[in-house]
Amino acid sequence: MSGLLLSAGDFVRVRDAARDGDVTPELYAFLTRLVSVAQRTRTLAPAPVPGGRWDDPDAVAETVQAWLAESLLDGGLLQAFDVCLTPRALSRYLERALRNWLISRMRRAAGPRLLERAVEVLDEEAFVAVRDAGAVAERWWALAQWPDPELFAGGDEQVISAAWGLGDFALLRYPSSERSDPVLSGEDLRRFVHGLLAATGQALSGAHIDASFRARFAYAYASAPVALEDAPELADGSEVEASFAAREAGLIALADLTERQLRVLLERPQSTLEDLAARLGVSRGTVDNEWRRALLKVREAASSDATFDAVLENVVELASEADKR
């Protein structure tokens, strides 16, 4: 790792230049080495790379340029030098920041398009727009069969509760594709939107529909990145590696869990089997089986039994974060 690090003298010069708003050749070369080594040894996802392919000869250079423009020059470097006192600490910090930036980029580039696709579905004959607006969130739709639909006056909680009562949906995922994850097939999306309106019995806004998507399909909206300013200086590089591994395993497990399994996983520790079964409208045995299946999927995503608890914690954290938005 010593070949990757800045020398003590370069560290001071690079730090002082960064505080004056300059990127020195030494700093640029250091960032290039960091990206190159991370790409070779950490199996970074290719999708967020500006060119889309790590085997492109210009991929590393393009990635460094984009990282600087989108993150590091926007206060990221200053924060890094504020918390890192040694070249080794800076290397660990920026390696973690690189991973988080790439994940953020991937989420922005290939996030779920459920609401956009739902708007297309709502243009069909079975639906009618009852209030138009420039922003999708402020438009309202109802079922075409309703003679005089009223606007829904309840809160997101009621809409989300209705969404959970619509039954199971087959989730679609393209883990190796550069395309946006569709999450639901067109038929299932149509069934979801129609069922949501029918369950509430009133016209819903785009904001209501979006809230239902984010609650029912939390895994698709889960984001792994930690902001650069929140990435602390760590004492041991192995801790960084373990943290990333647990986070990524958590995302894998999230993608594999059904909606009901995810809800059981989140609510089971605070509920009795009877209470949870009543809320889900299933038997006590079904809840118990879903709990076991959910834990098994988390265990399969974990690299070992020793990392199971950390992966489970990440699954719960990611799902909870998505549920709050």
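Note on Arg293 and Tyr28: their simple-model spin labels are 5.5 nm apart, each label 7 Å out from Cα toward Cβ.
Debye calculation, C-alpha points only, no solvent: report log10 I(q)/I(0) for the range 114-216 at q = 0.12 Å⁻¹, in the same order as the q values. Those come out to -0.37, one per q. Spin-label model, Thr286/Glu62: points 7 Å from Cα along the beta carbon direction are separated by 4.9 nm.
Bear in mind that the values in this text are calculations on the coordinates, not laboratory data. Computed from a prediction, not measured in an experiment: that's the story for all the values here. Neighbour counts are summed over all protein chains in view; Cβ atoms, including those assigned to glycine, are modelled from backbone coordinates with ideal geometry.
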